[in-house]
1. Can you compute the charge dipole magnitude of region 134-230 about its Cα centre, using +1 on each Lys and Arg Cβ and -1 on each Asp and Glu Cβ, nothing else charged? Give it in debye, rounded to the nearest 20.
2. For region 165-175, take each phi angle, set θ = phi - 60°, evaluate the Karplus expression 6.51 cos²θ - 1.76 cosθ + 1.60, and give the result in whole Hz per residue in order, putting x for glycine and proline.
3. Could you tally the net charge around residue 211, taking each other residue with its Cβ under 12 Å from the Cβ of residue 211, Lys/Arg +1 and Asp/Glu -1?
4. What ranking of 183, 168, 38 comes out by heavy-atom accessible area, probe 1.4 Å, highest first?
5. Tabulate in residue order the Karplus-calculated ³J(HN,Hα) for region 137-142, using 6.51 cos²θ - 1.76 cosθ + 1.60 with θ = phi - 60°, rounded to whole Hz; enter x for Gly and Pro.
6. At 0.36 nm per residue, and after removing the present C-alpha to C-alpha distance, how many nm does the segment from residue 241 to residue 80 gain when stretched out fully?
7. At 0.36 nm per residue, and after removing the present C-alpha to C-alpha distance, how many nm does the segment from residue 212 to residue 145 gain when stretched out fully?
8. Please work out the FRET efficiency for the pair residue 249 and residue 40, using the Cβ-Cβ distance as r and a Förster radius of 51 Å; give the result to the nearest 0.05.
Amino acid sequence: MQIAKPRPSIFAYNAAISACRRGEKWRQALVLMVKMQHVVLRADTVSFNAAISVCAQCKAWEQALGLFIAMQEANVELDIITYNTTASACIACKQWQHAISFLAAVIEQDLTPGVITYSAAISACEKSQRWQQALSLLSTMQTCQLLPDTIICSAAISACEKSQEWRHALGLFSGMRDAELAHDVITYNAVISACEKGGQWQHSLALLDMLQAASLAPRTVTYNAVISACGKGGQWQRAVEFLWKMKAAELSTNVITYSAVIRQWQHALCFLSLALQNSLVPNCITYNAAISACEKGGQWQEALELLAWMDRAQSCPD
């Protein structure tokens, strides 16, 4: 009498597919999905979600999208996890529009999106500079009585910052304070940068004071934004002061730092020399800022010397 060989159940396959996520083996997960069909097992929602999750983990967004389409064609039920994981795969590969489309579909399908869904959607809006859509999603979230956390609010602020909407960024920041939500350095950096882009140096300094009062330590990004805001506002002495504060705090400076602080011709050559001493390679923006400072100060000789420096450094003048 021949003993029948045991056949793996759908539960065994689902477990094996999920295990592929820990090993980041998206190809093996897809192979297992095909094998299920060969043994006449119909993949269910759990199977597809597990496989999509593996693809998201491995940044294989096209494969995740293919699985999503296969689910629809096979009339397998799509749940909130399906949409979230497919969107996550798109976000991981900077496919912002696809991600936003999937997350918008959650609302359309009445799948009751949660904090995770809104967080992913607002993050995608931030990365794709869709500040109005980010604010709309945040408003919808609050209407549904879902409380946004620090990460979600910071992403919305960053979306406004990238689109130079400093007033909206400040409004969101104030809303966080009213709701007694914690502010981290990322939140402060985003709103300070928004004010810098809007030429609001006073707000930038006030926010820096608030950051330090909250016992948070400014980072290089923080000081760069403040220095740039001061430079744009004609507060070059303050900009130089913050550069020395960075040095005192042993924070690393970069080309952005020196590009922001070069606003007065008297300091142009000095700060360029300092940048080179710190093993930094000034770019065209840095040189252009220095030359512009010399031009405004009527220092044509220094401007010509800077052009010679650019030539030696093989930078390309505009």
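1. 200
2. Those phi angles translate into 9, 5, 5, 5, 4, 5, x, 5, 4, 5, x Hz.
3. Spelling it out: positives minus negatives among the neighbours equals -1.
4. So the residues, ranked largest to smallest area, are 38, 168, 183.
5. My calculation for region 137-142 gives 5, 5, 5, 4, 4, 5 Hz in order.
6. This chain segment gains 52.8 nm when fully extended.
7. Numbers: separation 67, 0.36 × 67 = 24.12 nm, distance 3.24 nm.
Net length gain for the segment: 20.9 nm.
8. Computed FRET efficiency for residue 249 and residue 40: 0.20.
The values are calculated or read from the model by the stated rules, or taken from the named source; none is laboratory data. Since this is a predicted model, take the numbers as computed values, not measurements. Cβ atoms come from the backbone with ideal geometry, glycine included; neighbour counts cover every protein chain shown. Remember, those area values only see protein heavy atoms, side chains included, never the ligands or the DNA or RNA. Shrake-Rupley method; radii C 1.70, N 1.55, O 1.52, S 1.80 Å.
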